[in-house]
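For reference, the structure discussed in these notes is given below.
The values are calculated or read from the model by the stated rules, or taken from the named source; none is laboratory data. On a predicted model such as this, the values are computed, not experimentally measured, just so you know. Note that each Cβ is placed from the backbone with ideal geometry, even for glycine, and that neighbours are counted across all protein chains shown. Ligands, DNA and RNA are excluded from the accessible area calculation, which covers all protein heavy atoms including side chains. Shrake-Rupley method; radii C 1.70, N 1.55, O 1.52, S 1.80 Å.
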Amino acid sequence: MGDYHHGARMRALVGIIVAAAVPVTAMAADNPPSRASLADLVRQQAAQLAKQSQQIQALQQRLSKVEAEEQAQHSKPALAKRAATRPSASQLAANTSGTSSGPAATAQTDRNTQAISELQDKTALLQASASQHSSVDLSDGGPKFVSADGKRSFQIGGRLQFDASTTSGSRYSDKSDGRDISGTEARRLRLDFKGKIADHLHYRLQYDLAGNDASVRAAYIEPDFELAGHEVKLYFGNKYDDRTLSGATSSNNTWFMDRNFVNNAVEPDRGPYGLGVKGKIYGHNWHYSLAVTSGAIGRSNDTSDNVTYMSRVHWNPWRRGPNMVHLGAWGFYEDFDRSDSAVYKRIRTAGHFNDNVRIRSRLLRDPASSQAYGFELATSLGAFAAAAEYGHRHVDQRDSAGGENMAYDAYSVEAGYFLTGEHHGYSHKNGVWKFPHVKNPVTGGGYGAFEIATRYQALSFNDRPNYPGGNGHSTTIGVNWYPADWGRIMLNDILWYTNNRSGDYKGPDHGNTVEARLQVMF
């Protein structure tokens, strides 16, 4: 009998716990509470129900122990007799005061059931309401707005790059428009708008406000799909070329303030942006791109555009974590329209600010076509990384103009090392350098990341001894400080040499340019 009374007390306690759900009925149906109060109520009831669930589980364990003891102490007939007189599970649920079931207990059970049902309905209402509202993500710096179903998004980003430069040592320093000049400029003030229109359909629109003139940079629609198990992306619109390791890398991530001679000199006459159709296909450790473009945004509309066919491939024959070996190759063919009267290159040698220090090619009139190719080699090993590039371009003149040609070459070798142990960021997918991850950012009380880098590059337009093409080279030593993953301060010291055969600064000349940059990304 002691065990039976002990079980009855436990069944009464179960009834009391169930009765604790009664306060839920206090929510008036005619005056629905606000969303905030509903959310608070849901949290309170969830905590209460969780506590009650733990108590019921403990009681069930104790009941199981009592039944096991009864089975050990009594015979099967006695157990059968007790089972015949023991209350059922429904009677236990209806018992709220330790007494036998009756009309009052039944009414209490009905109220409990109704309260729980109302709570479930209002929880579902809150979840449905939340699913109808978009979200804002700030994890990438600029705000990213995402629709409730996740199929549409809009993100605002950009970059600010402010440069200062000073040049000395030129033998043309005594001229009023000499080469020894100093100054500052807003190199890039770029706003970036990108997002997703639907699943597998993205877009991008990029403006640059530098030079007190708003110009469109990237502007394209980007669908993606799978082909034979490989990811494929297409770009319809105006996009930066996938050409050279230095050029395909964003200006946010290059080790030096300016891209190398290979990228700047061995390019189509339309410049680094092309308007047309571009595509990329990706493998596990490689990618291949192909583009067909006709002109670029911003060119005049009174003549026909040059048509350019371009492609690039990269492959990582070895990779282990952040360490890798990079091999790449690229090339393009450019078909000149008859309205394009000449090809003439003037390549900056002492940074972007100083327009007077350049390497000049000769002027080739009435070009018919040009072909170019290049090769890339790079590696990243711990805190050390290095890269080498070579590029060649050949331009043919129309037969009616004489059928001559012009050819030139450029190459670059560079290396970088993080004094603070970071790895150089690299994209195995696109074969480009990325921004490094700073281990100890100043925002967390650290000192940021420090990198030293050096580069030697050379360019020669001396395709024939009797033609007035120049040549030159430069050596750059750079120090970069990354306070966090959103910015850096760059310092470049450039020792340059030029030997032009035409223009205002003929003959050999050399000098030194020191330039600095403050860069912020969002």
Exactly one condition in (1) touching a residue at least 60 places away in the same chain (Cβ under 8 Å); (2) crowded, with 16+ Cβ neighbours inside 10 Å; (3) not charged (D, E, K, R) is false for G487; which is it?
(1)
Condition (residue is part of a strand (DSSP E or B), surrounded by 18 or more Cβ atoms within 10 Å (Cβ to Cβ) and either without any contact (Cβ under 8 Å) to a residue 12 or more places away in the chain or polar (S, T, N, Q) (or both)) applied to the range 352-369: is it met by at least one residue?
no
Only one of these is at positive phi and either in a loop (DSSP other than H, G, I, E, B) or not aromatic (F, W, Y) (or both): G211, G178. Name it.
G211
From the residues in the range 412-439 that are open to solvent by 60 Å² or more (accessible area, probe 1.4 Å) and more than 17 Å from H326 (Cα to Cα), which one is nearest to the chain's Cα centre (by Cα)?
H437
With the requirement that a residue be of a type outside the set (A, V, I, L, M) and outside any loop (DSSP other than H, G, I, E, B), what does the range 253-270 give you?
F261, N263, N264
Note on the range 377-403: residues surrounded by fewer than 17 Cβ atoms within 10 Å (Cβ to Cβ) and charged (D, E, K, R) are R398, D399
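Every residue, every condition in (1) over 30 Å from G511 (Cβ atoms); (2) touching a Phe, Trp or Tyr at 6+ places or on another chain (Cβ under 8 Å); (3) of a type outside the set (D, E, K, R); (4) not in a strand (DSSP E or B), yes or no:
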site	(1), (2), (3), (4)
G157	yes, yes, yes, no
D163	no, yes, no, no
T167	no, no, yes, no
D174	no, no, no, yes
T184	no, yes, yes, no
L191	yes, yes, yes, no
I197	yes, yes, yes, no
H202	yes, no, yes, no
Can you spot a residue in the range 236-252 that is open to solvent by less than 20 Å² (accessible area, probe 1.4 Å), in a strand (DSSP E or B), polar (S, T, N, Q) and touching a residue at least 24 places away in the same chain (Cβ under 8 Å)?
yes
Taking the range 300-328 and keeping residues exposed (fewer than 14 other Cβ atoms within 10 Å of the Cβ) and either outside any strand (DSSP E or B) or aliphatic (A, V, I, L, M) (or both) leaves S300, N301, D302, T303, S304, G321
One residue from G478, G425 being of a type outside the set (K, R), in contact (Cβ under 8 Å) with a residue 40 or more places away in the chain and touching a Pro at 6+ places or on another chain (Cβ under 6 Å)
G425
Considering every residue within the range 257-265, establish whether at least one is more than 23 Å from the chain's Cα centre (by Cα), small (G, A, S) and surrounded by 20 or more Cβ atoms within 10 Å (Cβ to Cβ).
yes
Looking only at the range 174-196, filter to residues that are open to solvent by 60 Å² or more (accessible area, probe 1.4 Å) and modelled with pLDDT under 95; which one of those is nearest to D355 (Cα to Cα)?
D177
Could you say whether any residue in the range 510-522 is without any contact (Cβ under 8 Å) to a residue 60 or more places away in the chain and either under 30 Å from L234 (Cα atoms) or open to solvent by 70 Å² or more (accessible area, probe 1.4 Å) (or both)?
no
